[in-house]
Amino acid sequence: MITPASDGMHASATGKRVYLSGGMEYASDEGRSWRTECEGWLVGELGCTVFNPNRESERFLATAAPGVDFRRLKHEDPERFQVLVHEIVARDCAEIAERTDIVICYWDQGAVTGAGTKGEITIARYFGKPVYLVTAIPPADIPGWVLGCTTKMFPSFDALREFLSRKD
């Protein structure tokens with residue numbers, strides 16, 4: 001049974017565990033820049049705990065495939081690549097389902113092109129976690145499935161920051 005996600009009207013994110021969803025494989029710098037900036041204010045201003053998939057994937061790959069260029073494996077050793085991605089997907093899904101309170105999703109061209117972001121927000125929706133979508137893309141150009149997983153949309157990180165900082 002699908003549990004409805006929160007309506008997002010209780011804005012305060014203080015002390016919550018936040019998952020940073022967005023493009024990696026096809027994103028500029030694998031989405032590190034926006035995640036680093038967002039994580040800084042979530043931790044510093046709101047006292048959140050943040051799951052940053054860039055950092056967690058790097059940590060996993062450092063032990064599972066030390067010294068290996070992970071992205072090159074997709075072309076040079078697709079079977080090994082798939083085994084590693086299988087584990088990353090399992091870890092990320094478990095994080096969202098079992099530990100995350102809020103998902104912040106940056107919907108840009110990297111997210112549009114890739115697949116992981118769509119899966120992450122679907123898992124969040126299924127488990128009743130609010131999904132806050134930050135995007136400059138007009139709603140008419142966003143897939144209906146993504147809109148169906150979204151709790152609330154924001155035109156910028158500043159607007160999201162203001163919303164999450166409220167003490168409603």
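Every number in this text was worked out from the coordinates using simple rules, so none of it is lab data. This one's a predicted model, so the numbers in the text were calculated from it and none came from an experiment. Cβ: placed from backbone, ideal geometry, glycine included. Neighbour counts: every protein chain shown.
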Would you pull out the residues with amide H under 5 Å of A65's amide H, same chain only if 5 or more places away, H placed 1.01 Å from N? none
Note the listed values (1) 0.93; (2) 0.97; (3) 1.07, then indicate which one is Rg/Rh (Cα atoms, Kirkwood Rh) calculated from this particular structure. (2)
Rounded to the nearest 500, what is the 222 nm mean residue ellipticity of the chain from helices alone, with -39500 (n - 2.57) per DSSP H run of 4+ residues and division by all residues? -14500 deg cm²/dmol
Full extension between E25 and F127 adds, at 0.36 nm per residue less the Cα distance, a length in nm of 34.2 nm
R71-E45 FRET efficiency (beta carbon distance; Förster radius 35 Å; 0.05 resolution): 0.60
Quick calc, A136 & Q82: beta-carbon distance into FRET formula, R0 25 Å, rounding 0.05, result 0.15
Contact order normalised by length for the chain, with contacts defined as Cα pairs under 8 Å and 6 or more residues apart; what percent is it? 35 percent
The set of residues whose placed amide H lies less than 5 Å from the amide H of F154, leaving out same-chain residues fewer than 5 positions away, is L133, V134, T135
Over all distinct alpha-carbon pairs, what is the Kirkwood Rh of the range 71-138 in angstrom? 13.3 Å
For the chain, with +1 on Lys and Arg beta carbons and -1 on Asp and Glu, the positive-most of T113, G67, G22 along the dipole: G22
If each residue's Cβ is checked for other Cβ atoms within 10 Å, how do T117, T100 rank with the fewest at the top? T100, T117
One point scatterer per Cα, no solvent, Debye formula: log10 I(q)/I(0) for the range 46-102 at q = 0.13, 0.27, 0.28, 0.29 Å⁻¹ comes out as -0.39, -1.13, -1.18, -1.23
Measure nothing but the geometry: give the 0 to 90° angle between the long axis through the Cα atoms of 53-64 and the longest principal axis through the Cα atoms of the chain, rounded to 10°. 30 degrees
Sequence of W34, W41 once ranked by neighbouring C-beta atoms within 10 Å, starting from the fewest: W41, W34
Taking θ = phi - 60°, what integer Hz values does the Karplus form 6.51 cos²θ - 1.76 cosθ + 1.60 yield along the range 119-134, in sequence order, with x for Gly and Pro? x, 4, 6, 5, 4, 4, 4, 4, 8, x, 8, x, 10, 9, 9, 9
Enumerate the calculated ³J(HN,Hα) couplings along the range 70-80 in order (Karplus 6.51 cos²θ - 1.76 cosθ + 1.60, θ = phi - 60°), each rounded to whole Hz, writing x wherever the residue is Gly or Pro. 4, 5, 5, 4, 4, 9, 8, 8, x, 5, 5
Amide H of S12 versus every other amide H placed in the peptide plane: which residues, excluding those fewer than 5 positions away on the same chain, fall under 5 Å? D168
For W145, W107, which order do you get if you count the other beta carbons within 10 Å of each Cβ and list the fewest first? W145, W107
Using only C-alpha positions, report the orientation-averaged shadow area of the convex hull of the range 118-168, nm², one decimal. 3.8 nm²
